[in-house]
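Have a look at this one before I ask anything.
The values are calculated or read from the model by the stated rules, or taken from the named source; none is laboratory data. Since the model is a prediction, treat every value here as computed from it, not as a measurement. Neighbour counts run over all protein chains shown; Cβ positions are idealised from the backbone, glycine included. Side chains are part of the model used for accessible areas, which takes the heavy atoms of the whole protein and leaves out ligands, DNA and RNA. Shrake-Rupley method; radii C 1.70, N 1.55, O 1.52, S 1.80 Å.
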Amino acid sequence: VARSAAFYDQFGEASMLHPACITGGEAAGSDFSITHPAACAGKPSIDSIEEVDYKALMAELCSYVYTHGKDRSKTRAMLCQIFHHALHDRFFEARDLLLMSHIQEIISNSGDVETMILFNRMMVTLGMAAFRIGRIWDAHQCLSDICGGRVRELLAQGVSTGRFSDKTPEQEKAEKRRQIPYHQHINLDLIEACHLSSAMLLELPNMAAASVDGGSGGRPNRIISRNFRKHYDIYNRQVFTGPPEQTRDYIMCATKAMEKGDWEECSNLLCNLEVWNLVPGDDAVEKIGAMLVDKIKLEGLRTYLFTYSSLYDSLSLSQLCGMFKMSKTEVYSVVSKMMINRELHATWDQPTETIVLRKVEASPLQILALQFADKAANLVEANERLMDAKSGTYGYKEGEGRFGDRDRSGYRSGGRGGRGRGGSGQGGRGRGRG
């Protein structure tokens, strides 16, 4: 009686309770038209879920579209299949499928803004998949065009609200209708971190080599990432640089540390970025951290040799191993590759395990020949652009010998546009704007 009174004081009348609260014998004779049937079934249980091979299912569905669909449906199905491969870290399958389909060659002429947006999202996902497995060059090639500017518009994750926008109200409404739902957004900080990190690992040794040989004309100043160099120059021109706050600031500080030879500080700054926690997968942060440390060691060694090789007559192999915490096999492989590619003028002294450096300066005739080769390459590139403008490829207007209403960044001032390149082992590049 005391328990019943306490129950009544706490919960009230038993007839007013939810049917799921009635258990045992009380529920045995209940009318299920009034009470919930699950009330007498006890704790709910879930049967074992059948495992599904989503890779095979995706291939089967895409094959059906390839057989019975129209051209637009086939293109979008191919992009979705490549996106699925890249999302699950199957980079090589996605890359081979992209190169075999030649989508990068026709995407700029498709005239379908939704398909261009899907292509841009696929290229970003493919670039991040390449970055996760340590394919730095491929990651930079996939991300470089999209990260050049207006990333939100190219991925349909935002609308530009500039004061001097020349879009008509109809174009703005159409662009808003094409926006991707928020739960499908790709994090822009993660894209920027992957792009700038890969650009730093590629550009810093190149900048070190150009700074050493640029004055004598021994090596042409080849720019790999203009976007990275722009941010790096802005960072260097600042009168006062406080502690890093954004992802870009952390990468610029890591670049300064690596330029001085402090690879440990560089790895600490890069590996401790909070944005890596957004990468899905088990132990993804640890895997990316280990990959970045290995790449920073390798590129730090190359940068050190480019920068300080002119100050030494010889370098000890064991000393380099101690400085960069690498094995003798790894250091020997990196230095030998630099010698083969004629990036480092040196020879191995096997008995003493030292690198004998040689001072090689270009003759005046060689300097003139290199300058002539650079000017010839620039002339060829200018002629190719004129031919593209005349033939109507690369997004230029057909029948016009000018750039149309495009600005220098490759965007059309109207409502839509696109650009694509392909036919190489770099995976092709393209972008369009809604």
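Count charges around Arg135 for me, please; just the other residues with Cβ under 12 Å from its Cβ, Lys/Arg as +1, Asp/Glu as -1. Can you show the working numbers first?
Details: positive: Arg95, Arg132, Lys295; negative: Asp89, Asp138.
Local net charge: +1.
Residue by residue, what Karplus-based ³J(HN,Hα) values in Hz, rounded to whole numbers, does segment 255-263 have, using 6.51, -1.76 and 1.60 with θ = phi - 60° and x for Gly and Pro?
3J(HN,Hα) across segment 255-263, in whole Hz: 5, 4, 5, 5, 5, 7, x, 8, 6.
What is the percent carbon and sulfur in the accessible area of segment 149-212, measuring with a 1.4 Å probe over the protein chains and ignoring ligands?
51 percent
Using label points projected 7 Å from each Cα along Cα→Cβ, tell me how many nm separate Glu264 and Asp71, to one decimal.
Using points 7 Å along Cα→Cβ, the separation is 6.1 nm.
Which order do the peptides 114-123, 144-153, 363-372 take when ranked by the mean count of other beta-carbon atoms within 10 Å per residue, highest first? Kindly include the intermediate steps, with their values, before the conclusion.
Working: 114-123: 23.7, 144-153: 18.6, 363-372: 11.5.
Final packing ranking: 114-123, 144-153, 363-372.
Shape call for segment 271-379 from the C-alpha gyration tensor, a ≥ b ≥ c root eigenvalues: rounded (a/c under 1.5), prolate (a/b greater than b/c) or oblate?
oblate
Quick one: Cα centre-to-centre distance for segment 57-111 and segment 326-350, in angstrom?
That distance is 42 Å.
Over segment 258-348, with the other protein chains present, what is the accessible area per residue in square angstrom, probe 1.4 angstrom?
That works out to 54 Å² per residue.
Rolling a 1.4 Å sphere over the protein heavy atoms, what is the accessible area per residue of segment 48-164, to the nearest Å²?
Ligands and nucleic acids excluded, the figure is 51 Å² per residue.
Show which lysines lie in cross-link reach of Lys55 when reach means a straight Cα distance below 27 angstrom and same-chain residues fewer than eight apart are skipped.
Partners found: Lys70, Lys74, Lys287.
Starting from the 7 Å offset along Cα-to-Cβ, what nm value, one decimal, do you get for the label separation of Asn236 and Asp388?
Simple spin-label model gives 2.8 nm for this pair.
For segment 171-184, take each phi angle, set θ = phi - 60°, evaluate the Karplus expression 6.51 cos²θ - 1.76 cosθ + 1.60, and give the result in whole Hz per residue in order, putting x for glycine and proline.
Working through the residues one at a time gives 5, 5, 5, 5, 5, 5, 5, 8, 5, 7, x, 4, 5, 9 Hz.
Loop only by DSSP, 16 or fewer other Cβ within 10 Å of the Cβ. Give me the trypsin sites (Lys or Arg not before Pro) in segment 337-376 that pass, ordered by residue number.
Arg342, Arg358, Lys359
Follow-up question, since we're still on this one. In whole Hz, what ³J(HN,Hα) sequence does segment 67-76 give by Karplus (6.51, -1.76, 1.60; θ = phi - 60°), x for Gly and Pro?
The phi angles translate into 7, 10, x, 7, 4, 5, 5, 5, 5, 5 Hz.
For a quick check of your reading of the filter: which chymotrypsin sites (Phe, Trp or Tyr not before Pro) in segment 136-208 sit in a DSSP loop and have no more than 11 other Cβ atoms within 10 Å?
Numbers: sites: Trp137, Phe164, Tyr182; in loops: Phe164.
Loop-located and lightly packed - Phe164.
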